[in-house]
Amino acid sequence: MRILTGIQPSGRLHLGNYLGAMRQCVELQKKADDCFYFIADYHALTTVSDPQALRDSIHGVALDFLSAGLDPEKVVFFRQSDVPEVQELSWLLSIVTPMARLELAHSYKDKLAHGKEATHALFTYPVLMAADILLYQSDLVPVGKDQKQHLEITRDLAAKFNQKFGEVFKMPDGYIPDSVATVPGTDGQKMSKSYGNTIPLAGTPKEIKKAIMGIVTDSAPVEAKKDPETNNVYKIYKLLATPEQAAEMAERFRAGGYGYGDAKKELLRVYEEVLAPFRERRAHFEAHPDEVRDILASGAAKARVEARRTLGAARRAVGLD
Ligand code: TYM
C-alpha cells in the first residue's frame, strides 16, 4: 500500500497542517511500508512570487515535516520540482480534463474571492495535484477536508484517462479522519496561512503564546456556565489533549467559574508538551542542514525512478512511445 501526500511551502506551517495531515503521515509510516511525502514547491509558485521567500519556505517545510517525526529510512521524502516528470504527466492529464470541472473548484473560487489574480497556474492547480498523486501510483492520500474536491478531481481524471487510453493509473483514496478534517483557527474559521489565524508550529514561545492568548471567545463572565462545544479554545484543546484532559476541561466549562483565560493557559501548556519532541528534532535539523539536503536528494532519486516508470506507461498509452 502506497501512502502519498504533499504540503505547499507557501508560508510557515501551522497546527492545522500538523493535525490535518502531518500527524497522520507519521502514524501511517509505522503501518505502511511505502510512503511518499513531498514539498509541493511548484504548487506554491501559484501564490509565492518572492524567490527568497520560496527558498526559505521550502527549507522551513523540510525542517517541519522531518521534525514531525518522519523516518527518512522508511519514507521517500522529496521536493516536487526535483521530479519534473510530474509536469509532463500534468499535460497528459490535461487532455482529459473538462474546463467545467476546474471552473467549479472551490479552492480556485476561494482564491479569486480573496483577491488573487486568475492565472492559468491557479486554474490548473488540481491537474498538477492529480499528476502528483497518479505519477506514484498512490493508494491512500492523507489530507485535510479542504483537499477533498482535489481528490475527487484526481479520481475523475484517472478514470477518464484509463477509459480512453487503457489502464495506466491506480485509483487513489483519500484519508480524511473526521475529528481533524478542519482544524479551526484562532478566529474560529478554518486555520489557514492566508487568513492570518494560525498557531505556528515552529514559532517562538512568544509568538505561540500570543496566538493562543488571542483566540477569539465570547464575552461570557468567568462565573457563567459555558457550552464547551461552541468555544474555540476548547475546540482546539480537544484536538491536542488526551480524551481525559478534554473531558475535564469540558466539565469545568459546563460547571461555570472557569474562564477563557485559564483555558488558554491550559491549552498553551498542552501545546508545549505535545510539541516538545517536534521542537527538539527541529533544533537538531536546524543545526544539520546537510542532513536535510541529503535526505531530500536521496528521496528525489527514489521518487524519480517511480515517476519515470508511470510516465513511460502514460506516454506509451497515448502514442508518444
Ligand atoms: P496545503 O499545503 O494547503 O496543506 C497541507 C495539508 O494540511 C492540511 N490542512 C488542514 N487540515 C485540517 N485543518 C486545517 N485548518 C488545515 N489547513 C491545512 C491540508 O488539507 C493538507 O493536507 N494542494 C495541497 C498540497 C498538495 C498535495 C498534493 C496534497 C499538492 N499536491 C498531492 C496531497 C497530494 C495543499 O495545498 O495543501
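The values are calculated or read from the model by the stated rules, or taken from the named source; none is laboratory data. Because the structure is a prediction, the values reported are computed rather than measured. Quick reminder, even Gly has a Cβ in these numbers, built from the backbone with ideal geometry, and neighbours come from all protein chains shown.
For the range 28-53, a residue qualifies if it is crowded, with 18+ Cβ neighbours inside 10 Å and in a helix (DSSP H, G or I), and the qualifying residues are L28, Q29, D41, Y42, H43, A44.
Annotation: T119 fulfils all but one of (1) within 13 Å of the ligand (Cβ to nearest atom); (2) out of contact with any Leu (no Cβ under 7 Å at 6 or more places or on another chain); (3) among the β-branched types (V, I, T); (4) more than 27 Å from K170 (Cβ to Cβ); the unmet one is (1). Within the range 255-305, the residues that satisfy the criterion of being aliphatic (A, V, I, L, M) and either outside any helix (DSSP H, G or I) or surrounded by 14 or more Cβ atoms within 10 Å (Cβ to Cβ) (or both) are A263, L267, L268, V270, V274, L275, V292, I295, L296, A300, A303. In the range 142-161, the residues that are of a type in the set (S, T, Y) form Cβ pairs under 7 Å with partners that are in a helix (DSSP H, G or I), at six or more places apart or across chains, as follows: T154/M129; T154/A130; T154/I133; T154/L134.
Residues that are within 18 Å of Y108 (Cβ to Cβ) and of a type in the set (A, V, I, L, M, F, W, C) were ranked within the range 134-175; the one that is farthest from the ligand (Cβ to nearest atom) is L157. Inspection of the range 234-252 finds no residue satisfying the criterion of being in contact (Cβ under 8 Å) with a residue 24 or more places away in the chain, touching a Lys or Arg at 6+ places or on another chain (Cβ under 7 Å) and either surrounded by 14 or more Cβ atoms within 10 Å (Cβ to Cβ) or part of a helix (DSSP H, G or I) (or both). Looking at the range 70-168, the helices (runs of 4 or more DSSP H) lying wholly inside it that each contain 3 or more residues that are of a type in the set (S, T, N, Q) and buried (at least 16 other Cβ atoms within 10 Å of the Cβ) sit at 148-165.
Within the range 176-187, can you find the residues that are more than 9 Å from the ligand (Cβ to nearest atom), assigned to a loop (DSSP other than H, G, I, E, B) and either at pLDDT below 95 or of a type in the set (A, V, I, L, M, F, W, C) (or both)? If the condition is that a residue be more than 9 Å from the ligand (Cβ to nearest atom), assigned to a loop (DSSP other than H, G, I, E, B) and either at pLDDT below 95 or of a type in the set (A, V, I, L, M, F, W, C) (or both), then P177 is the only one that fits. Would you confirm, using the coordinates I've provided, whether L13 is touching a residue at least 60 places away in the same chain (Cβ under 8 Å) and within 20 Å of A283 (Cα to Cα)? It is true that L13 is touching a residue at least 60 places away in the same chain (Cβ under 8 Å) and within 20 Å of A283 (Cα to Cα). I need the full set of residues from the range 8-27 which are of a type in the set (S, T, N, Q) and assigned to a loop (DSSP other than H, G, I, E, B), in order please. If the condition is that a residue be of a type in the set (S, T, N, Q) and assigned to a loop (DSSP other than H, G, I, E, B), then Q8, S10 are the ones that fit.
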